[in-house]
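Novice: Structure below; questions to follow.
Taken together, the values in this text are just the output of simple stated rules run on the coordinates, not laboratory data. In this text the structure is predicted, and so the values were computed from the model without any measurement. So basically every Cβ, Gly included, is an ideal-geometry build from the backbone, and we count neighbours across all protein chains shown.
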Amino acid sequence: MSFQNLLDAPAPILGTWSQIASAEVVDIIAASGFAFTIIDTEHGVFGLETAADLIRACNANRLEPIVRVPTNESWMIMKALDAGAGTVLVPKIESPEAAQAAVAAARYEPHGRRGACPCVRSGDQFVRDWPNYAAKANSSSGVMALVESPVGVEAFSDIAATQGLKAVLFGPFDLSVAMGKEGNFRHPDVVSALETMTAQARKADLPVIMPVFSPDMDQARREMQEWRAQGVSAFTIGTDKLLMADYCSRYTAHLKN
C-alpha cells in the first residue's frame, strides 16, 4: 500500500499513533483494523533504529507506516525515508518556507535535497536501477505537515499551497496549550482554528488527517461525524498508549465494583 492508496480508500480511514516501542503492539494495531499508524519518534521514547523495526512490522502486516520525526531537519527526514517510511510527518510547521524545506529533504536531486545512497532499506538494501528508483521515490514518498501552533494557523493558507505536500495533520492538543486553553482541544477557539484550516486545506485540495483523542467511543464517533461533514475522511484515533491505558483502567474499575 502507498500513502496515496491509503488516502484513496473508502472513508472513514482510521489510523493511530505508535508511541510504544513494540512490534507486537504494531501487530495488534493492524489486526484491530487500523489502516495506518504514525510511528512517533518525537514523543515516543525511541529513535530511528527502533522505528525501522516498527516499519518492518507495519510492512509485514500491510499497515501503512508514517514516521513522525522529532524536528524539521533534512537528515532526519532522509533517514526515516531510507529506513522504509513511505511518508514522514514533520512537526511544528509554521511557514511555507519550513514546509518547502521539508518537501525538498524528501526528494532526490534535481527536485530536492535528499541525500542519495543505493544501499538503503527503501531500495531493498541495494538499488540496481537508480533512475527508476529515484523517480518512483520522488513521486510516492513524501512529507505531511503537522500544524500545531497559532503561528502555523496564521500562515496556514500559504503552507497549504506548498507544492509537494502529501497531506496535513493538525495538532489540537499542542494548539490548545499554545493558545492558553490548557489542553482543552475541544475549546471553541481551538475548534474554530481547526475548522478554518480545514476549509483552507479543502480549497488547496490538500488532504487532512484529523486526530480524535476522546476515549469515549460515542464522543469519538460524534467528533468524526463533525469533521466528515467538513470534508475530512482520515483520522488518527487515540494512540496505542491512550487506548491501552483507557481500556485497562475501565476493565479494572469494572471488576472492582
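Novice: Under the condition of being surrounded by 17 or more Cβ atoms within 10 Å (Cβ to Cβ) and of a type in the set (Gly, Ala, Ser), which residue from region 24-59 is farthest from MET224 (Cα to Cα)?
Specialist: ALA52
Novice: All but one of (1) buried (at least 16 other Cβ atoms within 10 Å of the Cβ); (2) in contact (Cβ under 8 Å) with a residue 60 or more places away in the chain hold for ARG62, so report the exception by its number.
Specialist: If we test ARG62 against (1) buried (at least 16 other Cβ atoms within 10 Å of the Cβ); (2) in contact (Cβ under 8 Å) with a residue 60 or more places away in the chain, just (1) comes out false.
Novice: Given the conditions (1) farther than 26 Å from PHE34 by Cα; (2) in contact with a Lys or Arg (Cβ under 7 Å, 6 or more places away or on another chain); (3) not hydroxyl-bearing (Ser, Thr, Tyr), and given that ALA178 satisfies all but one, which numbered condition is not satisfied?
Specialist: It fails just one condition, (2).
Here is a yes/no grid of residues against (1) free of Cβ contacts under 8 Å to residues at least 60 places away in the same chain; (2) under 26 Å from ALA105 (Cβ atoms); (3) part of a helix (DSSP H, G or I):
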{"residue": "LYS166", "(1), (2), (3)": "no, yes, no"}
{"residue": "LEU169", "(1), (2), (3)": "no, yes, no"}
{"residue": "VAL177", "(1), (2), (3)": "yes, no, yes"}
{"residue": "THR196", "(1), (2), (3)": "yes, no, yes"}
{"residue": "ASP205", "(1), (2), (3)": "yes, yes, no"}
{"residue": "PRO211", "(1), (2), (3)": "yes, yes, no"}
{"residue": "PRO215", "(1), (2), (3)": "yes, no, no"}
{"residue": "LYS241", "(1), (2), (3)": "no, no, yes"}
{"residue": "ALA245", "(1), (2), (3)": "yes, no, yes"}
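Novice: I would also like to ask the following. Would a scan of region 72-80 turn up a residue that is of a type outside the set (S, T, N, Q), part of a strand (DSSP E or B), in contact with a strand residue (DSSP E or B) (Cβ under 8 Å, 6 or more places away or on another chain) and closer than 21 Å to GLN19 by Cα?
Specialist: Checked against the condition, which is being of a type outside the set (S, T, N, Q), part of a strand (DSSP E or B), in contact with a strand residue (DSSP E or B) (Cβ under 8 Å, 6 or more places away or on another chain) and closer than 21 Å to GLN19 by Cα, region 72-80 yields no hits at all.
Novice: Also: Is it true that some residue in region 44-58 is closer than 24 Å to ARG221 by Cα, outside any helix (DSSP H, G or I) and not hydroxyl-bearing (Ser, Thr, Tyr)?
Specialist: No, the conditions are met nowhere in region 44-58.
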